[in-house]
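In what follows, a single structure is set out as structure tokens and then discussed.
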Amino acid sequence: MSFQNKTHPAIIASYLLAAAALFIVLHKGLLAALFSGLLVYSLVHVLAPPLARNISDQRARMIAVIILGSLIVLLLSLAIWGAVSFFQSDAGSISTLMKRMADIIEESRAQMPPWLKDYVPASAEGVRAMITAWLRDHASQAQTIGQEAGRTIAHLLIGMVIGALAALYDATTPDSDKPLAAALETRVVNLQEAFRQIVFAQVRIAAINAIFTGIYLVVVLPLAGIHLPLTKSMIAITFIAGLLPVVGNLISNTVIVVVSLSHSLGVAIASLVFLVIVHKLEYFLNARIIGAHINARAWELLVAMLAMEAVFGLPGVIAAPVFYAYVKKELADHDLV
């Protein structure tokens, strides 16, 4: 039986091993390590070919890949350190933001229509109690980004090192002619390609979203004589939350509209209208940037995220777009979709 046959035992075994590996990643909280490794691996593969074209010697090429991988790991580590430092500072503190939002909601109850007051806690303490209860209910789901932040950062660093080593191995080792090894390599390449398409595209979308939001908060509102608090935090949250398709916008929009209430109900409505317009633009960007790569619509990603959240909780929401793109890539390779 030819190895090219899609029913070859090595190919079937590679799919079973890939499925088991992805399940273990989600079940054991290793998603941060997987994604950081894929990020470094993808960046090396994007940046190495232009560099390799100018280097003919194999040993020099290997040294160049080592230096490139080390620089990528260093820069990403600095970015992680910078993000952690920002959200631990007064300007970016999540706890400060939550407390301020609770106070704003309490102070703004007089501006709210009667039908809305029934759904809003009567005091800041009530809002804080509601947030605390939600966090307690979802503590097990949020442990990789909350209670076990140190462990998550360690996973990120280890994953980046593994990704750099894997990229170096690819650059210096000939392709294997063993059936199972070759099939597993194809699974890894497809997963990396799905990750690159989704994450790189979503970073661009999140950056565009954050730029428009920054212009609105830092330029448009001040020109109108309106100065909102926590502007830096809102811009940072818009970018970071925007890395999650669909649900990220809901998170950042809620924060911006609530903080806008600190000035007036009219500003909150204006902010909501602005966000709706921006996300209409973003809808077309999603269709063009992400949909064009994996032929997936927003509702498909949302269904995948809901299903993964039901099974794996918060890590499932984060993993869903990449895993969905990977599965769709494998199905497309077999002419099934």
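The values are calculated or read from the model by the stated rules, or taken from the named source; none is laboratory data. Since the model is a prediction, treat every value here as computed from it, not as a measurement. For the accessible areas, the whole protein counts, side chains as well, though only heavy atoms, and no ligand, DNA or RNA atoms are used. Shrake-Rupley method; radii C 1.70, N 1.55, O 1.52, S 1.80 Å.
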Quiz item: Using the Karplus equation 6.51 cos²θ - 1.76 cosθ + 1.60 (θ = phi - 60°), what ³J(HN,Hα) coupling, rounded to whole Hz, does each residue of the range 156-166 give in order, writing x for Gly and Pro?
Solution: 4, 5, 5, x, 5, 5, 4, x, 5, 5, 5
Self-check item: Enclosed volume per residue, in Å³, of the convex hull spanned by Cα atoms of the range 174-252
Solution: 100
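Tell me, what are the semi-axes, in whole angstrom and largest first, of the equivalent ellipsoid of the range 221-261 as set by the roots of 5 times the Cα gyration tensor eigenvalues?
On the way: eigenvalues 88, 20, 12 Å².
Largest first, the range 221-261 gives 21, 10, 8 Å.
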Quiz item: To the nearest 10 Å², what's Met308's accessible area with a 1.4 Å probe?
Solution: 40
Quiz prompt | Binned Cα-Cα distance frequencies in the range 187-232 - 10 Å width, integer % | solution = 25, 30, 20, 15, 9, 1
